[in-house]
Amino acid sequence: MSKGIEDIGRQDVVWSYLATIFLIGAGVILLPFILNKMPAETVGIWNIFMVIIMLVNILDFGFSPSFARNLSYIFSGAKDLQVEGVRQVTDGEVDYGLLKGTLTAMRRFYRQIAIACFVLLATAGTAYFTYILKKYTGDRTDAMVAWVLLIAINCYNLYTLYYDALLLGKGYVKRNQQIIIVAQGTYLVIAIGLIYAGMGLTAIVGAQLIATVVRRVLAYRTFFTKEMRECLKDVQERDAKDIFRVIWPNAVKVGLTQLGAFAINKSAVLIGSVYLSLEAVACYGITLQVMDVLTRCATVPYRSFIPKLAQFRAENDMAQLRRYYTICAVSILATFVAGGMVWVWLGDWALELIHSETTFVSLVMLVAMLIIRYLEDNHAMSAGFIMADNKIPFFIPSLVSGAATLVLLFVFLGPLHWGMWGLILAGGIAQAAYQNWRWPSMVIKELWGR
């Protein structure tokens with residue numbers, strides 16, 4: 001029989017760092033080609049594409065992390081799933097009937113949201129993009145071809161999104177990071193080649209599509225081994241509808257939380273593109289992309305340990321939870337201090353070195369963005385420790401923060417005319433009011449009794 005959840009140790013964390021370094025390296029290598037070969041307007045469109053991809057992923061509505069968390073419970077030995085909380089496991093044997101029913105529930109769900117994605121992007125998405133193109137002076141044919149490819153990427157990615165949950169839920173952290181490295185390498189080679197061939201935005205989006213297919217094929221082969229297929233073949237499948245009914249309440253809460261997080265972090269690019277020039281959007285967007293890289297580096301330990309957190313919750317191992325929380329919190333702080341210092345000192349020099357037409361935001365703005373993002377990553381990590389117990393108390397505050405961010409964006413960009421500062425401060429102010437301090441204090445009180 002196939003064993004349960006994989007052990008996660010130093011090798012998994014090391015591979016997570018290697019994959020993150022490779023992701024950064026690929027971005028660092030590709031970014032000069034983009035910034036050097038493409039005007040600021042085109043970089044602005046590219047940033048809008050990146051935000052649209054993130055927006056479409058919200059259609060998942062929290063089911064991917066919820067499926068992954070419940071898969072971790074199954075591979076830890078859970079014999080049934082609960083709407084809230086975790087029933088402590090005993091024998092650690094995998095219930096393959098429960099696993100098979102969960103697989104069916106995932107496939108049905110993601111097939112439906114892939115169809116919804118196509119309808120959304122083909123109608124409202126195309127209308128929005130056509131409006132943005134009215135002030136674009138570059139190659140509009142290239143932009144429209146890239147848009148069509150972007151629709152294909154998003155639909156395929158959503159249709160196969162449950163592969164990520166399978167790998168994470170099984171504890172295949174190291175293998176998942178290796179797959180990411182292969183996929184990103186494919187993306188890098190193809191994108192550079194196509195950029196040099198003069199294909200513009202189509203080069204980047206086309207390379208992303210191919211890399212996404214490579215990643216999904218490798219993920220499928222990693223999880224559905226011959227042994228796993230044999231374990232699933234003849235077992236009685238548990239009712240997928242019943243499983244979905246158990247998972248969906250917390251999944252929707254996570255989805256609402258992600259919607260709030262998107263409003264806080266990414267809506268500024270979409271709203272800003274209406275009020276500000278594409279050059280200004282490019283400046284803010286490229287800074288945001290590098291900030292996302294810093295976040296990815298800072299949260300490597302946390303993301304690597306997610307399956308273990310669910311296992312520790314199922315086993316009620318508070319000592320291990322305290323240990324892992326300390327590791328994750330220190331990692332986030334140390335990365336932002338060190339990475340922020342390097343960025344402040346060398347960021348502008350790096351852009352000048354590659355003769356980029358797009359710049360980062362000013363020094364004062366950059367420092368403000370670093371502080372705001374650190375506080376956000378720290379409270380998001382703390383919320384993840386709470387969520388590992390299958391409890392989602394933060395979905396309403398996240399929605400309120402997201403709504404407040406949208407209101408502040410329109411006020412700051414419209415009547416007040418704050419420009420770039422409006423993009424930066426809207427989300428920071430909304431989160432500082434509650435979320436930045438609430439979830440860390442809740443976890444610390446639970447784990448240490450303080």
Review point. Given the conditions (1) open to solvent by 30 Å² or more (accessible area, probe 1.4 Å); (2) touching a residue at least 40 places away in the same chain (Cβ under 8 Å); (3) in a helix (DSSP H, G or I), and given that T137 satisfies all but one, which numbered condition is not satisfied?
Key: (3)
Exercise for review: Have a look at N154, N176 and point out the one that is touching a residue at least 40 places away in the same chain (Cβ under 8 Å), touching a Phe, Trp or Tyr at 6+ places or on another chain (Cβ under 9 Å), closer than 26 Å to G198 by Cα and part of a helix (DSSP H, G or I).
Suggested key: N154
Exercise for review: Consider only pairs whose beta carbons are under 8 Å apart and that are at least six residues apart or on different chains; among these, list those whose first residue lies in region 343-355 and is under 19 Å from M38 (Cβ atoms) and whose second residue is open to solvent by 50 Å² or more (accessible area, probe 1.4 Å) and not β-branched (V, I, T).
Suggested key: I354/N36; H355/N36
Practice item. Looking only at region 149-174, count how many residues are over 18 Å from S66 (Cα atoms) and either crowded, with 24+ Cβ neighbours inside 10 Å or not β-branched (V, I, T) (or both). Key: 7
Practice item. From (1) under 30 Å from M38 (Cβ atoms); (2) not in a helix (DSSP H, G or I); (3) not hydrophobic (A, V, I, L, M, F, W, C), pick out the condition that doesn't hold for Y187. Key: (2)
Exercise for review: Report yes if I332 is among the β-branched types (V, I, T), part of a helix (DSSP H, G or I), buried (at least 20 other Cβ atoms within 10 Å of the Cβ) and modelled with pLDDT under 85, otherwise no.
Suggested key: no
Practice item. Consider I396 carefully, then state whether it is open to solvent by 10 Å² or more (accessible area, probe 1.4 Å), among the hydrophobic types (A, V, I, L, M, F, W, C), assigned to a helix (DSSP H, G or I) and modelled with pLDDT of 90 or more. Key: no
**Study point:** Answer from Q184, Q177 - the residue that is open to solvent by 20 Å² or more (accessible area, probe 1.4 Å) and not hydroxyl-bearing (S, T, Y)
**Key:** Q184
Review point. Out of (1) part of a helix (DSSP H, G or I); (2) out of contact with any Pro (no Cβ under 7 Å at 6 or more places or on another chain); (3) surrounded by fewer than 17 Cβ atoms within 10 Å (Cβ to Cβ), what's the single condition that is false for H355?
Key: (1)
**Study point:** Criterion: closer than 10 Å to A298 by Cβ and out of contact with any strand residue (DSSP E or B) (no Cβ under 6 Å at 6 or more places or on another chain) - qualifying residue of L321, L333, L346, L309
**Key:** L333
Point to revise | Yes/no for A240 being under 30 Å from T104 (Cα atoms), in contact with a helix residue (DSSP H, G or I) (Cβ under 9 Å, 6 or more places away or on another chain) and of a type in the set (A, V, I, L, M, F, W, C) | key: yes
Check your understanding: Only one residue in V361, V344, V400 is under 24 Å from the mean Cα position of the chain (by Cα) and under 21 Å from T295 (Cβ atoms), so which one is that?
Key -> V361
Review point. Among the residues of region 384-393, is any touching a residue at least 24 places away in the same chain (Cβ under 8 Å) and among the charged types (D, E, K, R)?
Key: yes
Exercise for review: Say whether the condition of being within 14 Å of the chain's Cα centre (by Cα) and more than 17 Å from P65 (Cβ to Cβ) is met by at least one residue in region 266-276.
Suggested key: yes
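The values are calculated or read from the model by the stated rules, or taken from the named source; none is laboratory data. Predicted model only: the values in this text are computed from it and were never measured. Note that we place each Cβ from the backbone using ideal geometry, even for glycine, and neighbour counts take in every protein chain shown. Surface accessibility is based on the protein's heavy atoms, side chains included, excluding ligands, DNA and RNA. Shrake-Rupley method; radii C 1.70, N 1.55, O 1.52, S 1.80 Å.
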